[in-house]
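Step one of this worksheet: look at the structure below.
The values are calculated or read from the model by the stated rules, or taken from the named source; none is laboratory data. Please read all numbers here as calculations on a predicted model, not as lab measurements. Here the Cβ positions follow ideal geometry from the backbone for every residue, glycine too, while neighbour counts run over all protein chains shown.
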């Protein structure tokens, strides 16, 4: 397939590029700079410079390709509006084609979970950081009524590559050589390795029925304290960590602080049962012990 991809240089999108190329798909990436375009071209990707508001370019790419995967990450009110505009453009461009449109949402749209693992039928209860996501998901799902094979992937917290919350932890080392995490550490994060998540995206692109939602979760809920200790070991801090109060973290991170402190236990069973998805990577704690080169904080 010829696949249009947004966010191709990001934490999630970079893994999807590798998975698509490995399965002989042709990747057309929308990127924001010539520098990123050159980087992707060297990997065998057809890069097109533009943003989510480049309507003419986007519509042209949708005509030329066989499907769309959208992973460009948007949070906050301003990005929320841009996200909704992009979805509207995508539905307009793909209407009546039967082409797949795979949209990236997130598990924060479900909010806290203290009981059984949440599946794809759980009601919306978004953290304020992603308050726009329910509206975005509903808009995407409406595309099924316009002859588009729409689907939504909600990834867990991604490990195994650069960027994302794992790198944020790796860069959080304080003056005493401790990795700093937000919350008391008992909160749990659903986790997934980047390579396993990319495999799920390819399966959803090729096989998922219209109107479906999928949780990209390999580990339903890992205590944040355990993750932080593993990160601290990987970056040479000898496992030393420090908890940071949410109210204090808000001054630096804003509403992200509350999202980081949320506890979630989420099921990825549906993708295993219906798409044959089989995560292969070790869990996050074991993976950090084996692959700390993927986590080490990069020089800025």
Can you name the condition, by its number, that residue 164 falls short on among (1) buried (at least 24 other Cβ atoms within 10 Å of the Cβ); (2) at pLDDT below 95? (1)
Options 30, 40, 20: the member that is within 26 Å of residue 157 (Cα to Cα), in a strand (DSSP E or B) and in contact with a helix residue (DSSP H, G or I) (Cβ under 9 Å, 6 or more places away or on another chain): 30
Over the range 250-264, the set of residues surrounded by 20 or more Cβ atoms within 10 Å (Cβ to Cβ) and touching a strand residue (DSSP E or B) at 6+ places or on another chain (Cβ under 7 Å) is 257, 260, 261, 264
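Can you tell which of 192, 182, 173 is buried (at least 24 other Cβ atoms within 10 Å of the Cβ) and either more than 14 Å from the chain's Cα centre (by Cα) or part of a helix (DSSP H, G or I) (or both)?
On the way: 192 fails: either more than 14 Å from the chain's Cα centre (by Cα) or part of a helix (DSSP H, G or I) (or both); 173 fails: buried (at least 24 other Cβ atoms within 10 Å of the Cβ).
Just one listed residue meets the conditions, 182.
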Say we look at the range 112-126 and pick out the residues that are buried (at least 17 other Cβ atoms within 10 Å of the Cβ) and modelled with pLDDT of 95 or more; which of these is nearest to residue 73 (Cα to Cα)? 126
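Condition check ((1) touching a helix residue (DSSP H, G or I) at 6+ places or on another chain (Cβ under 6 Å); (2) at pLDDT below 95) across all residues:
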| position | (1), (2) |
| --- | --- |
| 224 | no, no |
| 229 | no, no |
| 234 | yes, yes |
| 240 | yes, no |
| 270 | no, no |
| 274 | no, no |
| 278 | no, no |
| 295 | yes, yes |
State whether one or more residues within the range 52-66 are on the phi > 0 side of the Ramachandran plot and either surrounded by fewer than 19 Cβ atoms within 10 Å (Cβ to Cβ) or not in a helix (DSSP H, G or I) (or both). no
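Can you find a residue that is under 24 Å from residue 258 (Cα atoms) and not in a loop (DSSP other than H, G, I, E, B) anywhere in the range 91-99?
First, the residues of the range 91-99 that are under 24 Å from residue 258 (Cα atoms): none.
The answer is no; no qualifying residue exists.
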